[in-house]
Amino acid sequence: KAGVTQTPRYLIKTRGQQVTLSCSPISGHRSVSWYQQTPGQGLQFLFEYFSETQRNKGNFPGRFSGRQFSNSRSEMNVSTLELGDSALYLCASRQGAATNEKLFFGSGTQLSVL
Amino acid sequence: GNSVTQMEGPVTLSEEAFLTINCTYTATGYPSLFWYVQYPGEGLQLLLKATKADDKGSNKGFEATYRKETTSFHLEKGSVQVSDSAVYFCALKTGANNLFFGTGTRLTVIP
């Protein structure tokens, strides 16, 4: 079974641009979560989607948004990029919505904002 | 609120040395506690977990005990190997479906 796949692996953008990151969960998984990893802040939760609906949202500005498609694939969008948005963005999937289910992480998309 | 504080790195140890990475937490309710590991170039992997007080999680020679009285979940390993070199994240989860992570501790094990 393929793991969680994130594309692209690396991305370079400039301030003010927007970016879309993609995540394909493990086949059969319906929940997808997004996390931002920075050296200073560590890992922070962005949002979670389940069956195309956003279930939880972290403490990030409205420039960060996401969506989930009927095949459970998810995209994350960041508009009006800022230098501080440079980070590794990790996607994680789980089969259902239960809190005790194991999360499987992708390798991440490294975003650099110049 | 919920937060996790873990020992700042980096930590450099010789092979077969004893490892401790400290982790303390603040949480509302009764959280589950986790240690995740991130090997170079890879995503996060769950290393071990404990879901209630006094539980001990263990995997690959690593252990951590959920201590409610000290709100701690320190990671330990008796004899580290070069292959243990990675970044280790302590995390907690409450009733909601999101994890709160510490800032990570980079471990380098030298032969």
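Only one entry of B:110, B:21 meets the criterion of being within 11 Å of the chain's Cα centre (by Cα) and within 30 Å of residue A:109 (Cα to Cα), and that entry is B:21.
Within region A:1-20, take every residue that is assigned to a loop (DSSP other than H, G, I, E, B) and among the hydrophobic types (A, V, I, L, M, F, W, C) and give me the one that is nearest to the other protein chains (Cβ to nearest Cβ).
Among them, the one singled out is A:4.
Summed over region B:54-96, residues that are without any contact (Cβ under 8 Å) to a residue 24 or more places away in the chain, closer than 13 Å to residue B:31 by Cβ and not small (Gly, Ala, Ser) total 3. Residue B:28 falls short on exactly one of the conditions (1) of a type in the set (Ser, Thr, Tyr); (2) within 23 Å of residue A:101 (Cβ to Cβ); (3) within 14 Å of chain A (Cβ to nearest Cβ), and that condition is (3). Checked against (1) at negative phi; (2) outside any strand (DSSP E or B); (3) within 14 Å of chain A (Cβ to nearest Cβ), residue B:37 meets all criteria but (2). For residue A:23, state whether it is among the hydrophobic types (A, V, I, L, M, F, W, C), closer than 24 Å to residue B:5 by Cα and within 14 Å of chain B (Cβ to nearest Cβ). So residue A:23 fails the test. The criterion of at least 2 residues that are within 12 Å of chain A (Cβ to nearest Cβ) is met by the following strands (runs of 3 or more DSSP E) wholly inside region B:62-111: B:86-93, B:99-101, B:105-110. Within region B:42-61, restricting attention to residues that are closer than 30 Å to residue A:10 by Cα and within 11 Å of chain A (Cβ to nearest Cβ), the residue that is modelled with the highest pLDDT is B:46. Note on region B:20-31: residues that are crowded, with 20+ Cβ neighbours inside 10 Å and in a strand (DSSP E or B) total 3. Of the residues examined, residue B:39 is not one that is at pLDDT below 85 and either in contact with a helix residue (DSSP H, G or I) (Cβ under 7 Å, 6 or more places away or on another chain) or surrounded by fewer than 17 Cβ atoms within 10 Å (Cβ to Cβ) (or both).
For region B:15-22, the condition of being among the small types (Gly, Ala, Ser) and at pLDDT 95 or above holds for at least one residue.
Looking at residue A:111, is it more than 14 Å from the chain's Cα centre (by Cα) and either of a type outside the set (A, V, I, L, M, F, W, C) or more than 10 Å from chain B (Cβ to nearest Cβ) (or both)? Before you say what the answer is, go through the steps one by one.
Values: more than 14 Å from the chain's Cα centre (by Cα): no; either of a type outside the set (A, V, I, L, M, F, W, C) or more than 10 Å from chain B (Cβ to nearest Cβ) (or both): yes.
In short, no.
When A:53, A:80, A:38, A:14 are checked against the criterion of being closer than 19 Å to residue B:38 by Cα, out of contact with any helix residue (DSSP H, G or I) (no Cβ under 7 Å at 6 or more places or on another chain), of a type in the set (S, T, N, Q) and surrounded by fewer than 18 Cβ atoms within 10 Å (Cβ to Cβ), A:38 stands alone in meeting it.
The residues of region A:33-87 that are outside any loop (DSSP other than H, G, I, E, B), away from chain B (no Cβ under 14 Å) and either basic (Lys, Arg) or at positive phi (or both) amount to a single one, A:67.
The values are calculated or read from the model by the stated rules, or taken from the named source; none is laboratory data. As the structure is a prediction and not an experimental result, all values here were calculated from the model. Using ideal geometry, Cβ is built from the backbone for each residue, glycine included, and neighbour counts are taken over all protein chains shown.
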